[in-house]
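This report concerns only the one structure given below.
The values are calculated or read from the model by the stated rules, or taken from the named source; none is laboratory data. Please read these numbers as outputs of a predicted model, since none were measured by experiment. Cβ placement follows ideal geometry from the backbone for every residue including glycine, while neighbour counts extend to all protein chains displayed. These accessible areas exclude ligands, DNA and RNA; they are computed on the full protein's heavy atoms, side chains included. Shrake-Rupley method; radii C 1.70, N 1.55, O 1.52, S 1.80 Å.
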Amino acid sequence: MQRLRTFLDHHCNNPALVSVIEGLMVACKDIAYKVQLGSLAGVLGSAEQDNIQGERQKKMDVIANDLIKYSLQTMQPVKGMASEEEADPVACNPDGEFLVLFDPLDGSSNIDVNVTVGTIFSILQSNPGDDPTHESTYLQHGREQIAAGYVLYGPSTLLVLSTGNGTHMFTLDPRVGEFYLQRESVKIPATTKEFAINMSNQRFWLPEMQKYVSDLLRGEEGPLGKRFNMRWIASMVAEIHRILTRGGIFMYPYDSREPNKPGKLRLMYEGNPMSMLVEQAGGKASTAYDDIMDVEPTSIHQRVSVVMGSADEVDTVVRYHAS
Ligand code: AHG
Ligand code: MN
Ligand code: MN
Ligand code: MN
């Protein structure tokens, strides 16, 4: 079995980037350990404070954020970071070259009910002279990402990673603290019979999304001509992992409740990294109108509508929104 470091040395001819990915994994292994211990480590429950998103933080949101933040601050190549749980960007080494944007704990509403959560990260190249305390330094299109990945804290702890040459999966062996290659260059099937969307928001969707989902639910009798199964885990990392493994489509679409926010998910540390992983695996990632990785970034916490997964199904959703 190939260790993560061996794989990266072959696939990623950028030793500084490899060191950042390995450093991130040190923090994520610690997160995995604390998530595994749960109540025994006193990490469950609410942190009794809200983040910049206006979300009530879980204790584990804050713990995961601090573990990653302190780890990044020790890494020479890291110039700055942006996190779901930090209102502003945080400067690291002024002579560093990479910017790391992350969602320290995705799906954290599931932590107290012992359902899979994860960490999502996106790595950008900073330009010399860019100020790591300025938001504008981080506002690069998704296609500028030099690496993206997530760590899934589930029955197994997995790392799913792309440095621009395919999407690859690794499994953590907790007995030795090493990630081993599980699947190289995964490919998402182009068609699917599984869709993931939070149906309780149906009345807030655009009419085009309401029409698509109602046609989905008509099964064989409907215009899509096949029966679909619905999934919803409320952890994006778990949904995208299922899709990378066996296909499917995941949607968190525009929602009329907040007209100036085109959905719940954040572009810079959820939409873009997941889009890179999905596209590198032959899938598609759209706002229902444009590729997510072509969306113009305007703020580090900006929201984006998300439709991603099996290429043919994403094309169908885009077609419904073009008519
Ligand atoms: P986070 O826990 O990082 O705030 O993200 C949660 C996101 C995403 O993981 C998931 O797909 C979505 O929120 C679930 O939203 P609902 O709770 O509205 O279903
Ligand atoms: Mn959150
Ligand atoms: Mn999230
Ligand atoms: Mn989060």
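Of the residues 227, 218, which is closer than 19 Å to residue 309 by Cα and in the same structural domain as residue 305 (by TED's automatic domain parsing)?
From the options 227, 218, the qualifying one is 227.
Since residue 233 meets every condition but one in (1) open to solvent by 50 Å² or more (accessible area, probe 1.4 Å); (2) more than 13 Å from ligand 1 (Cβ to nearest atom), which condition does it not meet?
Among (1) open to solvent by 50 Å² or more (accessible area, probe 1.4 Å); (2) more than 13 Å from ligand 1 (Cβ to nearest atom), residue 233 violates only (2).
Right, residue 88: within 16 Å of ligand 2 (Cβ to nearest atom) and assigned by TED's automatic domain parsing to the domain that holds residue 169 or not?
no
Return the residues of the stretch 291-308 that are of a type outside the set (Val, Ile, Thr) and farther than 21 Å from residue 146 by Cα; say none if nothing qualifies.
303, 305
Would you confirm, using the coordinates I've provided, whether residue 295 is over 25 Å from residue 84 (Cα atoms), at pLDDT 95 or above, more than 16 Å from ligand 2 (Cβ to nearest atom) and β-branched (Val, Ile, Thr)?
Criteria not met by residue 295.
The rows are residues; the columns are (1) touching a strand residue (DSSP E or B) at 6+ places or on another chain (Cβ under 9 Å); (2) open to solvent by 40 Å² or more (accessible area, probe 1.4 Å).
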residue	(1), (2)
152	yes, no
156	yes, yes
173	yes, no
187	no, yes
190	no, yes
195	yes, no
213	yes, no
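Restricting the search to the stretch 27-45, which residues are open to solvent by 40 Å² or more (accessible area, probe 1.4 Å) and out of contact with any helix residue (DSSP H, G or I) (no Cβ under 6 Å at 6 or more places or on another chain)?
Across the stretch 27-45, the qualifying residues are 29, 33, 36, 37, 39, 40, 42.
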